[in-house]
Amino acid sequence: MDAKLSALIVVGSFHTEVCGQLVKGAIERIKAYNAAAECEVIEVPGALEIPPAISFAVMSDRESYDGFVALGCVLKGYTDHNIHVSNSAFSALSDIAVQHAVPMGTGIITADTMSLAMERADVNGINIGGRAAAAMLRMLELYRRFLG
């Protein structure tokens, strides 16, 4: 891919070991697609703060990105709080992508245990960060085809 590519990766700061793997996988996938790609990583407190951060960037006159990758980890606790957090985050991210027509990939892991989350984040395994980046890249190709 020869076209310029600038990606914003927004990651929740909860569960840093998991999220570090997600970011690594996303960057590796984007760089495999375009070695000259610029990847900016912004940390936010948690999954619920990812959509507003991406929305700020989408609406900004100061920064411009070709695509967005949302990464995070929500683990099950003693209540069903994790369900509400993840549903809210996924819904808001989908709304942003559709309403603003921006290429986005979402890699927010929802898991019952840290072990399961690490299994899904591992760059040598399931690599959800890489999958989210791949989804963003495919949506970027479609964006450029239809709107670019």
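The values are calculated or read from the model by the stated rules, or taken from the named source; none is laboratory data. All of these numbers come straight from a predicted model, not from anything done at the bench. Neighbour counts run over all protein chains shown; Cβ positions are idealised from the backbone, glycine included.
The one condition from (1) among the β-branched types (Val, Ile, Thr); (2) over 19 Å from residue 13 (Cβ atoms); (3) assigned to a helix (DSSP H, G or I); (4) in contact (Cβ under 8 Å) with a residue 40 or more places away in the chain that residue 83 does not meet is (4). Determine if the range 26-35 includes at least one residue that is among the aliphatic types (A, V, I, L, M), more than 12 Å from the chain's Cα centre (by Cα) and not in a helix (DSSP H, G or I). Yes, some residue in the range 26-35 is among the aliphatic types (A, V, I, L, M), more than 12 Å from the chain's Cα centre (by Cα) and not in a helix (DSSP H, G or I).
The lone criterion from (1) in contact with a helix residue (DSSP H, G or I) (Cβ under 9 Å, 6 or more places away or on another chain); (2) closer than 21 Å to residue 18 by Cβ; (3) of a type in the set (Phe, Trp, Tyr) left unmet by residue 78 is number (1). Pairs meeting the criteria (first residue in the range 27-54 and more than 12 Å from residue 12 (Cβ to Cβ), second residue among the charged types (D, E, K, R), beta carbons under 7 Å, at least 6 apart or on different chains) are 37/31.
Does residue 98 count as assigned to a helix (DSSP H, G or I), closer than 17 Å to residue 143 by Cβ and either of a type outside the set (D, E, K, R) or at pLDDT 95 or above (or both)? So that I can check it myself, show each step before the final result.
On the way: assigned to a helix (DSSP H, G or I): yes; closer than 17 Å to residue 143 by Cβ: yes; either of a type outside the set (D, E, K, R) or at pLDDT 95 or above (or both): yes.
Considered against the rule, which asks whether it is assigned to a helix (DSSP H, G or I), closer than 17 Å to residue 143 by Cβ and either of a type outside the set (D, E, K, R) or at pLDDT 95 or above (or both), residue 98 comes out as yes.
For the range 107-115, the criterion of a residue being over 16 Å from residue 30 (Cα atoms) and either in a helix (DSSP H, G or I) or modelled with pLDDT under 95 (or both) is satisfied by at least one position.
Which one of 114, 104, 136, 118 is touching a strand residue (DSSP E or B) at 6+ places or on another chain (Cβ under 7 Å) and surrounded by fewer than 20 Cβ atoms within 10 Å (Cβ to Cβ)?
On the way: 104 fails: surrounded by fewer than 20 Cβ atoms within 10 Å (Cβ to Cβ); 136 fails: surrounded by fewer than 20 Cβ atoms within 10 Å (Cβ to Cβ); 118 fails: touching a strand residue (DSSP E or B) at 6+ places or on another chain (Cβ under 7 Å).
The unique qualifying residue is 114.
Pull up the range 1-25, narrow it to residues that are touching an Asp or Glu at 6+ places or on another chain (Cβ under 8 Å) and assigned to a loop (DSSP other than H, G, I, E, B), then point me to the one that is surrounded by the fewest Cβ atoms within 10 Å (Cβ to Cβ). Filtering the range 1-25 for residues that are touching an Asp or Glu at 6+ places or on another chain (Cβ under 8 Å) and assigned to a loop (DSSP other than H, G, I, E, B), the one surrounded by the fewest Cβ atoms within 10 Å (Cβ to Cβ) comes out as 4. The set of residues in the range 57-92 being over 24 Å from residue 25 (Cβ atoms) and of a type in the set (A, V, I, L, M, F, W, C) consists of 59, 83. In the range 127-148, the residues that are polar (S, T, N, Q) form Cβ pairs under 7 Å with partners that are part of a helix (DSSP H, G or I), at six or more places apart or across chains, as follows: 127/25.
Sort out which residues of the range 116-148 are assigned to a helix (DSSP H, G or I), over 12 Å from residue 22 (Cα atoms), aliphatic (A, V, I, L, M) and over 11 Å from the mean Cα position of the chain (by Cα), and write them in order of number. Passing the criteria: 116, 137, 139, 140, 142.
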